[in-house]
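As structure tokens, the structure follows; a few thoughts come after it.
The values are calculated or read from the model by the stated rules, or taken from the named source; none is laboratory data. As the structure is a prediction and not an experimental result, all values here were calculated from the model. Neighbour counts run over all protein chains shown; Cβ positions are idealised from the backbone, glycine included. When the accessible area is computed, the model is the full protein with side chains, heavy atoms only, and any ligands, DNA or RNA have been set aside. Shrake-Rupley method; radii C 1.70, N 1.55, O 1.52, S 1.80 Å.
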Amino acid sequence: MPVHRPELGVLVATVPADDAELAAARERTGAVDEEEVRLRSAVKSRDGFFTTFCVSPYSRYVARWCARRGMTPNQVTTLSLLTALVAAGCAATGTRPGFVAAGALLLASFVLDCADGQLARYALRYSTLGAWLDATFDRAKEYAFYAGLALGAARGGDDVWGLALGAMVVQTVRHVVDFSFSEGDHYQPTSASAPDGGQAGAAAPASPAAALSGRLDRVGWTVWARRMVVLPIGERWALIAVLTALTTPRLTLTVLIVACLFAGCYTTAGRVLRSVTRRARRTPQAARALADLADTGPLAALAARLPLPLPALAAAGAGAALVLGTALVAPVGSWWPVLAAGGYALLAGAAVARPLTGRLDWLVPPLFRTAEYGTVLLLAARSEVNGALPAAFGLVAAVAYHHYDTVYRIRGAAGAPPLLLVRAVGGHEGRTLAVALAAALWSTGASFPVALTVLAGAVALAVLAESIRFWVSSTAPALHDESGVPA
């Protein structure tokens, strides 16, 4: 076996041959501050610009302070959540001092969010439950803050619930693009008969876009620029905190949506370029992961048995365009969105009728998320019923949690949530149809928000109960959902 020499950095390891070399080795090892090395190693080597230069230089000392007082990473994670919830409460006051306090507390929450992972690495205290809490609490903190901004704006007479829901939709779809591309980016080795003429057993050739990305990563300033433009959690929370303290909730959410849309277009375009130039075939495991991310319900499963020979991406794109376009232009209270939702279910079934092995089939789950979340947003916003948008916000939050939980399970090699649960909560097409039905029946009355709230409560109860049961008893690792990897 070949001998591998690890990179020691500032650590010292040597085999002295005589007394003089032994004395020198002891002097060199004694000069190493192992505590400082341990503390520095607690910081992730690859992170965003804001986190690397504005938070980690001191958050690691917060982590050491917590370790010396016997605090666990889960306790710090919980403290970070509570701090963010207090920040959301301050934003909900609708006053300038409240907004300033909200921005400061949101940054403090992010410092604690960095410190909990650094504490886990510093104290070597890892746990499956802790990783899951860290990943899920990040979403709870961010979306609770959006709700706080909406409540604060309402106190000042400005209704921004549509913007708050739009920010949640854009950010969640961005994550789904990341997850779907990552899980689908596994390809079979090329064979001698492969179109690119590769040798049997060879790795899939790198695309020109990937080669360009690699060259850019060798230029110092482009590394940080590309990490910042994707708007990772550090940059995003700093943007939210500063705008909250200095401006209005409407401007904060508007700038956030625009920035997230730009970042999403950048990353998606780069990944599409990588995909269209790749000539290898996706592995069955990757295709299975994409099928799990699709979140297919009973209606689409039945439709998948029909002879609809459509390409997966074309069917998913047509279905999303159909249901979103109808929700946007159909008269309020009409049955056209219901018919469009039925057509969407048929096209969704056609999209998943065959394995998702096409070059761009990783776009199918993001298209489904866009269709479902966007339909809820449009129908609630156009109904103009008091309370419809806050209820829609709660529904999308519950469904988004289900989709994030699916990702964490797949990444932990634990498989998707039980099929019974997926079918019980309707699948993406079933929930879309249910919301369209509710809008047709009650979009002009107070019953519409009640229907959305009941649906949100049912979904949340089902997915939370199963998720908590799984992660408390599981040994599968939950991985953080924001890698910061550029396109």
Subset of segment 1-34 (residues that are open to solvent by less than 100 Å² (accessible area, probe 1.4 Å), within 40 Å of the chain's Cα centre (by Cα) and among the charged types (D, E, K, R)):
Asp33
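Matching residues to (1) in contact with a helix residue (DSSP H, G or I) (Cβ under 7 Å, 6 or more places away or on another chain); (2) on the phi > 0 side of the Ramachandran plot; (3) at pLDDT 90 or above; (4) of a type outside the set (Gly, Ala, Ser):
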| position | (1), (2), (3), (4) |
| --- | --- |
| Glu7 | no, no, no, yes |
| Ala24 | no, no, yes, no |
| Leu39 | yes, no, no, yes |
| Ala42 | yes, no, no, no |
| Cys54 | no, no, yes, yes |
| Tyr58 | no, no, yes, yes |
| Pro73 | yes, no, yes, yes |
| Thr77 | yes, no, yes, yes |
| Ser80 | yes, no, yes, no |
Within segment 93-107, residues assigned to a helix (DSSP H, G or I) and either surrounded by fewer than 22 Cβ atoms within 10 Å (Cβ to Cβ) or under 24 Å from the mean Cα position of the chain (by Cα) (or both) come out as Arg96, Pro97, Gly98, Val100, Ala101, Ala102, Gly103, Ala104, Leu105, Leu106, Leu107
Inside segment 108-127, can you point out the residues that are within 23 Å of Gly412 (Cα to Cα) and under 18 Å from the mean Cα position of the chain (by Cα)?
Asp113, Cys114, Gly117
Among the residues of segment 212-230, are any on the phi > 0 side of the Ramachandran plot and in contact (Cβ under 8 Å) with a residue 40 or more places away in the chain?
no
Which of the residues spanning segment 135-177 are open to solvent by 30 Å² or more (accessible area, probe 1.4 Å) and within 23 Å of Ala63 (Cβ to Cβ)?
Phe137, Ala140
Can you pull out the residues in segment 415-447 that are open to solvent by less than 30 Å² (accessible area, probe 1.4 Å), assigned to a helix (DSSP H, G or I) and among the polar types (S, T, N, Q)?
Thr432
Of the residues that sit in segment 35-51 and are part of a helix (DSSP H, G or I) and free of Cβ contacts under 8 Å to residues at least 60 places away in the same chain, which one is most open to solvent (accessible area, probe 1.4 Å)?
Arg40
